[in-house]
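Quick notes on the structure that follows.
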Amino acid sequence: MTDKIYGLVGCGMMGIEHVQNVNLLPGAQIGVVYDPLPDNAAKAASIAGAATIAKSFEDLISNETLDAVILVSPNQVHVDQLEAIATKRTVPILCEKPLFTEPAHRARIETLRRDYVAPIWVAMEYRYMPPIATLIRDACVITGGVEMLSIKEHRFPFLKKFGNWNRFNRNTGGTFVEKCCHFFDLMRLILDSEAVRVMASASQVTNHREEQYGGEVPDIWDSGYVIVEFETGARAMLELCMFADGSRWNEEISAVGEKGKIECRLPGPQRFWPEEDIGPPPAPQLSIAPRHPKNPQTRDIPITPELAMAGDHHGSTFYQHQRFLEVVRGNAAPEVTLEDGMRAVDIGLAAQEAALAHRVVHL
């Protein structure tokens, strides 16, 4: 079977993770790359093997050899680039989150959803981290129906990005959009319901306050709480802290219902773990705790070493690409749709507004 050829837009840290995972996937290859930084593009092309470097974004999307496009560009250009692709091509697209960054963009995505006939998959990698995927699969059985969902991320600060775009709310949509749309997507998926009310409290406590770019001090938040109420009556809470990089666990998710509780815990990216000082990172864990009879159990869910080394997301980027390839081949539909991407951003924007205005936001 002939390999499907992908074009990659954006060759920074996450772009390289996409390249490394496509390299592990039989039946697909990165054929063309573009990044405004020539060194980034050259690195991605080298890792991909036989990839060529496009002169511009327009040059890449005009390349008729491409079977699909992967967008890993800064948040604020996603909508413009999706629309630009739609004017030139009709190929499947894998677009990194968040799908958009401001309310005015939503109508443009709705138009794209109506008029663009090829599939678009929104990259919500957290769904495919093995411990989280197991929790998603088993939550209803273990809990008897999730009524309370808690997601905690205690992690490192925002990394440096091209042009420092991720230091400012106007580019990212705000922390609850940029970083946390993943978690709002998980809430909708696990609870199988839509959000109706959002409450939040957040601020910029410590990170980036001493930095300046073009005379501006970053305004991106580094911590906060969000409570989301859903149509079914279930509630979910997010706790985010981005100055907790000394933590053993990066993410902890707990789902509770009438029959019991299921939890998972994941360490941070392997490349940030101080293995030389404290030994290897712990394996991700899954715990179940039924109420009757009481019999709590915890087991490790190790990540295949090859996949762990191919990025910062515990193998999820590979599993996502496995499924996306079936979409490119015409054998499946996107598992994370434009509707999913929009709904996750809606909750993130509502959380930003709730925290700024000190009020409940109704969706």
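The values are calculated or read from the model by the stated rules, or taken from the named source; none is laboratory data. What you see is a predicted model, and the numbers here were worked out from it, not measured in a lab. Note: ideal-geometry Cβ built from the backbone for every residue, glycine included; neighbour counts use all protein chains shown. Please note that ligands, DNA and RNA were not included when accessible areas were found on the heavy atoms of the full protein model with its side chains. Shrake-Rupley method; radii C 1.70, N 1.55, O 1.52, S 1.80 Å.
What are the ³J(HN,Hα) values, in whole Hz, obtained from phi via the Karplus relation 6.51 cos²θ - 1.76 cosθ + 1.60 with θ = phi - 60°, for each residue of segment 200-215 in sequence order, with x given for Gly and Pro?
Once rounded to whole Hz, the list reads 7, 9, 7, 6, 9, 7, 9, 6, 6, 6, 9, 8, 9, 9, x, x.
What figure in square angstrom, to the nearest 10, would you give for the accessible area of residue 318 with a 1.4 Å probe?
Roughly 30 Å² of residue 318 is accessible to a 1.4 Å probe.
Output the 0 to 90 degree angle, nearest 10, between the alpha-carbon long axis of helix 13-23 and the longest principal axis computed from the alpha carbons of the chain.
Approximately 80 degrees, to the nearest 10.
Please compute the length gained on full extension between residue 326 and residue 3, using 0.36 nm multiplied by the number of residues separating them and subtracting their Cα-Cα distance. Before the final figure, lay out the partial values.
On the way: separation 323, 0.36 × 323 = 116.28 nm, distance 1.21 nm.
Roughly 115.1 nm would be gained on extension.
Just for the Cα atoms in the chain, what are the lengths along the principal axes, largest first, rounded to whole Å?
Projected onto its principal axes, the Cα set of the chain covers 60, 48, 46 Å.
How much of the calculated P(r) for segment 31-153 lies past 21 Å, in percent of all Cα pairs?
Working: 3952 of 7503 pairs.
Of the Cα pairs, 53 percent sit more than 21 Å apart.
At 7 Å along the Cα-to-beta-carbon direction for both residue 353 and residue 247, put a label point, then send me their distance in nm to one decimal.
2.8 nm
Rounded to the nearest 10 Å², what accessible area does residue 292 have for a 1.4 Å probe in the complete protein model?
Only protein atoms counted, so the area is about 150 Å².
Please list 3J(HN,Hα) in residue order for segment 239-254, calculated via the Karplus relation 6.51 cos²θ - 1.76 cosθ + 1.60 where θ = phi - 60°; whole Hz, with x for glycine and proline.
10, 10, 9, 10, 9, 10, 6, x, 6, 6, 10, 7, 10, 9, 10, 10
What are the residues whose amide H is under 5 Å from the amide H of residue 196, where those residues sit 5 or more places off or on another chain and H is modelled from the backbone?
229, 230, 231
For residue 313, enumerate residues with amide H under 5 Å from its amide H, sequence gap 5+ or separate chain, H modeled in the peptide plane.
The list, which skips near neighbours in sequence, is empty: none.
Add -39500 (n - 2.57) for each DSSP H run of 4 or more in the chain, then divide by its residues: what number comes out at 222 nm, to the nearest 500 deg cm²/dmol? Mind showing how you got there, number by number?
On the way: 13 runs with 122 residues, N = 363.
Result for the chain, helices only: -9500 deg cm²/dmol.
For segment 94-145, run through the trypsin sites (Lys or Arg not before Pro) and keep only the ones in DSSP coil with at most 13 other Cβ atoms within 10 Å of their Cβ. Mind dumping the intermediate values first?
Numbers: sites: 106, 108, 113, 114, 127, 137; in loops: none.
Counting only loop positions with at most 13 other Cβ atoms within 10 Å, none of the trypsin sites (Lys or Arg not before Pro) in segment 94-145 qualifies.
Counting only the backbone N, which residues of segment 139-180 are under 11 Å from the spot 7 Å out from the Cα of residue 276 toward its beta-carbon?
none
Enter the accessible area of residue 306 (Å², nearest 10), with the probe set to 1.4 Å and all protein chains included.
Only protein atoms counted, so the area is about 120 Å².
Give the aspartates and glutamates whose C-alpha is closer than 18 Å to that of residue 55, dropping any in the same chain fewer than 8 places away, or say none.
35, 39, 64
Each residue of segment 143-154 in order: what ³J(HN,Hα) in whole Hz does its phi give by Karplus 6.51 cos²θ - 1.76 cosθ + 1.60, θ = phi - 60°, with x for Gly and Pro?
So the Karplus estimates, Gly and Pro as x, are 8, x, x, 6, 10, 10, 10, 10, 10, 10, 10, 10 Hz.
Ranked from the most accessible area to the least, with a 1.4 Å probe and all protein chains present, what is the order of 210, 326? Intermediate values should be presented prior to the final figure.
Details: 210 170, 326 60 Å².
Greatest to least solvent exposure: 210, 326.
Looking at segment 260-296, which trypsin sites (Lys or Arg not before Pro) are DSSP coil and have at most 13 other C-beta atoms within 10 Å of their C-beta?
Working: sites: 261, 265, 271, 291, 294; in loops: 291, 294.
Here the sparse-neighbourhood loop sites are 294.
Quick one: which residues, 5 or more positions from residue 144 or on another chain, have an amide H under 5 Å from its amide H? H modelled 1.01 Å from N in the peptide plane, none for Pro or chain starts.
Amide H to amide H, under 5 Å and 5 or more residues apart or across chains, residue 144 pairs with 259.
If a/c stays under 1.5 just call it rounded; otherwise compare a/b with b/c (prolate if a/b is bigger, oblate if not). Do that for segment 208-363, with a ≥ b ≥ c from the square roots of the Cα gyration tensor eigenvalues.
Numbers: a/c = 1.22, a/b = 1.11, b/c = 1.10.
It comes out rounded by the Cα gyration axes.
By how many degrees, 0 to 90 and rounded to 10, does the Cα axis of helix 316-328 deviate from the longest principal axis of the chain?
For 316-328 against the chain, the angle is about 50 degrees.
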